[in-house]
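Engineer: Mind having a look at this structure? Questions to follow.
The values are calculated or read from the model by the stated rules, or taken from the named source; none is laboratory data. Computed from a predicted model, the values in this text were never measured in an experiment. Positions of Cβ are generated from backbone atoms using ideal geometry, with glycine treated the same way; all protein chains shown enter the neighbour counts. Ligands, DNA and RNA are stripped out before the accessible areas are found, and what is left, the full protein with its side chains, is counted by its heavy atoms. Shrake-Rupley method; radii C 1.70, N 1.55, O 1.52, S 1.80 Å.
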Amino acid sequence: MKLADYPRFTVIMRGYTFDQADAILKAMQEFDHQFAVEMTMNTEGAIDHIRELNKRYGDTTYIGAGTVRTLEQAKACYEAGAKFLLGPHMFTEEMLAYANEKGVLTVPAAMTPSEVNQMFAQGADIVKVFPAAVVTPRFFKDIQAPLGKLPLMGVGGISKENAKEFFENGASYLGLGSGIFNKQDIEELNVTNLAQSMKELLAAI
């Protein structure tokens, strides 16, 4: 997968059943690669979910893995068809080298200028600033003043109410978890309402 193809929004699927994840992917089909989805590794059956979702939707939606913390997990995700890997902290050099060799995009997390710089220096494609709500949108503008324009993703506390402000301050990508959908729509597998929530997010920016 090429960095230029990566969408601005990533939907974080944490703790969802396969049917709930499938409903989200169904709702996403009308948006033509405006969203990517990550299945977090601390979701029960995550590897199997990634594999099956890629079989069903891999031609129309970028599906990757989240909460990737070890080289072993990275390998398992790649073998299941994950197109990208996100983590809650920095990746090891071995993880970055493996993913780069396999053509899988890497999105390790960082929270300081030094950590951000280190991850890019070691080969990260995007650096995830996490938790973004703690450092506020201004952090994205401030950090790029000395370091230059960087492909940064804000994750943690992102919603349709503040997404535009993060983009206006220099974030290139945003990851959204439970804040993007109505919990009842997830539980009821309401594809129409799930799609409406994504439309509202796009309209807000």
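Engineer: Working only within the range 32-42, note down all residues that are within 13 Å of Ala82 (Cβ to Cβ) and part of a loop (DSSP other than H, G, I, E, B).
Structural biologist: Here is the first cut: in the range 32-42, the residues within 13 Å of Ala82 (Cβ to Cβ) are 36-41.
Correct list: Met41 only.
Engineer: Which residues, counting only those in the range 49-66, are open to solvent by 10 Å² or more (accessible area, probe 1.4 Å) and either in contact with a helix residue (DSSP H, G or I) (Cβ under 9 Å, 6 or more places away or on another chain) or of a type outside the set (S, T, N, Q) (or both)? Break it down into steps so the answer makes sense when it comes.
Structural biologist: Narrowing the range 49-66 to residues open to solvent by 10 Å² or more (accessible area, probe 1.4 Å): 49, 51-52, 54-60, 62.
Across the range 49-66, the qualifying residues are His49, Arg51, Glu52, Lys55, Arg56, Tyr57, Gly58, Asp59, Thr60, Tyr62.
Engineer: Next up: Quick check: anything in the range 67-89 over 25 Å from Ser159 (Cβ atoms), of a type in the set (Ser, Thr, Tyr), open to solvent by less than 60 Å² (accessible area, probe 1.4 Å) and free of Cβ contacts under 8 Å to residues at least 24 places away in the same chain?
Structural biologist: Checked against the condition, which is being over 25 Å from Ser159 (Cβ atoms), of a type in the set (Ser, Thr, Tyr), open to solvent by less than 60 Å² (accessible area, probe 1.4 Å) and free of Cβ contacts under 8 Å to residues at least 24 places away in the same chain, the range 67-89 yields no hits at all.
Engineer: What number goes with the only condition from (1) more than 20 Å from Met13 (Cα to Cα); (2) touching a helix residue (DSSP H, G or I) at 6+ places or on another chain (Cβ under 7 Å) that Ala74 does not pass?
Structural biologist: Among (1) more than 20 Å from Met13 (Cα to Cα); (2) touching a helix residue (DSSP H, G or I) at 6+ places or on another chain (Cβ under 7 Å), the lone unmet condition for Ala74 is (1).
Engineer: Looking only at residues that are assigned to a helix (DSSP H, G or I) and at pLDDT below 95 in the range 156-182, which one is surrounded by the most Cβ atoms within 10 Å (Cβ to Cβ)? Steps first, please.
Structural biologist: Applying the first criterion (assigned to a helix (DSSP H, G or I)) to the range 156-182 yields 163-168, 178-180.
Going one step further and asking which of them are at pLDDT below 95, we end up with 178-180.
Numbers: Ser178: 14, Gly179: 16, Ile180: 22.
The extreme case among them is Ile180.
Engineer: With Gln29, Gln20 as the choices, which residue is in a helix (DSSP H, G or I) and without any contact (Cβ under 8 Å) to a residue 60 or more places away in the chain? Break it down stepwise before answering.
Structural biologist: Details: Gln20 fails: without any contact (Cβ under 8 Å) to a residue 60 or more places away in the chain.
So the residue among Gln29, Gln20 that is in a helix (DSSP H, G or I) and without any contact (Cβ under 8 Å) to a residue 60 or more places away in the chain is Gln29.
Engineer: Right, next: Pull up the range 1-42, narrow it to residues that are open to solvent by 10 Å² or more (accessible area, probe 1.4 Å) and of a type in the set (Val, Ile, Thr), then point me to the one that is farthest from Phe130 (Cα to Cα).
Structural biologist: Top of the filtered list is Thr17.
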